[in-house]
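Trainee: Have a look at this one before I ask anything.
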Amino acid sequence: MRSASRAVIAIVLACQCAAVGSGRAASAYPERAIRLVVGFPAGGSSDAIARIVQPNVEKQLGQTLVIENRPGAGGAIAMGIVAKAPPDGYLIGLGGAAGLGVSLGVQENITYDARKDLAPITGLASVPFILAASNSLQGKTLRDIIAMAKQPNKLALGHGGNGTLMHLASEMFNQMADTRLELVPYRGMAPVVTDLIGGHMPLGIVDPPSAMTAIKGGLITPIAVSSAHRYPGLPETPTFAEQGLTDFEAIGWFGIVAPAGTPGDVVAKINSAFVTALNDPAIVERIRGLGSDPMPMAPDEFSRFLESEARKWETVAAKAGKN
């Protein structure tokens with residue numbers, strides 16, 4: 001009996017020591033540089049925002065934040081890397097809807113389950129979409145576009161890539177307006193804008209960071225904004241809802257995640273660093289200057305947001321099918 005009791009005591013003490021050690025390790029975090037894997041190309045809006053907050057986040061954490069761009073599959077390639085990383089807080093990711101499980105219903109060959117394999121940390125930024133037209137297109141209102149697009153093979157619309165929210169927003173437009181637009185995927189929004197300017201694509205779903213220079217320069221025409229309210233940068237451009245599609249609303253967004261199983265206090269430290277940065281007035285001004293809005297959230301709030309977005313787009317993705 002005595003030996004059995006001693007064995008039990010030894011096990012309890014070992015567990016307590018392990019717990020203390022784990023707590024100390026988490027408390028000491030971070031002790032080296034942190035990698036932020038960005039699921040989009042260098043120079044894009046999400047990459048630009050990551051680099052805007054980078055110095056402030058580094059200041060909060062006391063370590064270097066190394067940004068690595070791993071674009072592809074709407075950000076899912078980068079999120080796959082994060083999902084398979086050790087859950088120690090030293091590799092985190094920046095992803096959008098496709099990579100974070102909201103629109104994976106329209107993609108194939110995804111190697112992870114975003115809900116099970118990723119831990120939400122915080123939102124980063126949000127941005128509305130703009131339905132823009134080539135100046136060579138005769139229609140200049142949403143009513144004109146819908147009338148033309150009800151004819152099969154009449155109009156094409158470029159978007160930023162299969163599985164992205166631009167893709168789903170385009171599908172939702174076809175579904176809600178009962179149109180037959182041919183949806184053409186591009187590798188990002190910059191080439192969509194280029195083809196709109198050149199008259200090679202009649203319509204595109206783009207965002208302000210990629211399109212505002214062309215719009216302000218009169219090179220392409222904004223038709224409608226996808227947010228619930230008019231975009232401050234384009235106060236004369238009405239929303240989809242104002243032009244008859246009353247339930248049409250879509251915003252693009254990016255967020256920060258870690259591998260599932262990352263200790264809660266490590267997640268809290270990363271969250272605090274990003275939220276502090278996103279609330280800094282100078283950073284807010286710079287992000288809004290790119291046409292986006294900061295989106296700081298607590299981890300549980302971001303988790304609920306992801307679930308809400310997934311539910312919202314589920315029907316659209318199911319109708320869109322696999323691509």
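Trainee: Among rounded, prolate and oblate, which fits the chain when a ≥ b ≥ c are the square roots of the eigenvalues of its C-alpha gyration tensor, a/c under 1.5 means rounded, and a/b larger than b/c means prolate?
Mentor: prolate
Trainee: Right, something else. For the chain, what are the DSSP H helices with axial Cα length of 20 Å or more and mean Kyte-Doolittle hydropathy of at least 0.0?
Mentor: Helices meeting the span and hydropathy rule in the chain are 2-28, 264-278.
Trainee: Also, I was wondering about something else. Compute the length gained on full extension between ARG311 and LYS216: take 0.36 nm times their separation in residues and subtract their Cα-Cα distance, giving the result in nm to one decimal.
Mentor: Taking ARG311 through LYS216 to full extension adds about 30.7 nm, to one decimal.
Trainee: 5 Å is the cut-off here: which amide hydrogens, built 1.01 Å from N in the peptide plane, fall below it relative to ALA224, excluding neighbours closer than 5 in sequence?
Mentor: Residues meeting the criterion, in which the H sits 1.01 Å from N, are LEU131.
Trainee: Within the range 43-64, list the residues whose amide N lies under 19 Å from a label point set 7 Å along Cα→Cβ of THR276.
Mentor: Only 50-64 fall inside the zone, counting backbone N under 19 Å.
Trainee: Turning to a different aspect of this structure: Determine one quarter of the surface area of the Cα convex hull of the range 130-243, which equals its mean projected area, and express it in nm² to one decimal.
Mentor: Over every viewing direction, the Cα hull of the range 130-243 projects on average to 6.2 nm².
Trainee: Right, next: With unit charges on the beta carbon (Lys/Arg positive, Asp/Glu negative), name the residue among GLY321, ALA310, ILE34 whose Cα is farthest towards the positive pole of the charge dipole of the chain.
Mentor: So the residue furthest toward the plus end is ILE34.
Trainee: Could you check the simple spin-label distance between GLU68 and ALA28, using points 7 Å along Cα→Cβ, in nm with one decimal?
Mentor: Result for the modelled spin labels: 2.3 nm.
Trainee: Could the peptides 216-229, 71-84 be put in order, highest first, of the mean number of other beta-carbon atoms found within 10 Å of their residues?
Mentor: Sorting 216-229, 71-84 by mean packing, highest first, produces 71-84, 216-229.
Trainee: Next up: Once you place label points 7 Å from the Cα toward the Cβ at VAL284 and GLN151, how far apart are they in nm?
Mentor: 4.9
Trainee: Taking the Cα centre of the chain as origin, sum charge times position over the Cβ atoms of Lys and Arg (+1) and Asp and Glu (-1), and report the length of that vector in debye to the nearest 20.
Mentor: Roughly 560 debye, rounded to the nearest 20.
Trainee: Now, a different point. Order these by the 10 Å Cβ neighbour count, fewest first: HIS200, HIS159.
Mentor: Ranked by crowding around the Cβ, least crowded first: HIS200, HIS159.
Trainee: Taking the Cβ of ARG311 as the center, what net charge do the other residues with Cβ under 13 Å away carry, scoring Lys and Arg +1 and Asp and Glu -1?
Mentor: Once positives and negatives cancel, what remains is 0.
Trainee: Which peptide among 181-189, 266-274 comes first, and what is the full order, when sorted by highest mean count of other Cβ atoms within 10 Å?
Mentor: 266-274, 181-189
All of the numbers you see were taken from the coordinates with simple rules; none came from a lab. These numbers were taken from a predicted model, which means no experiment stands behind them. Methodologically, a virtual Cβ is constructed for each residue, glycine included, from the backbone with ideal geometry; neighbour enumeration extends over all protein chains shown.
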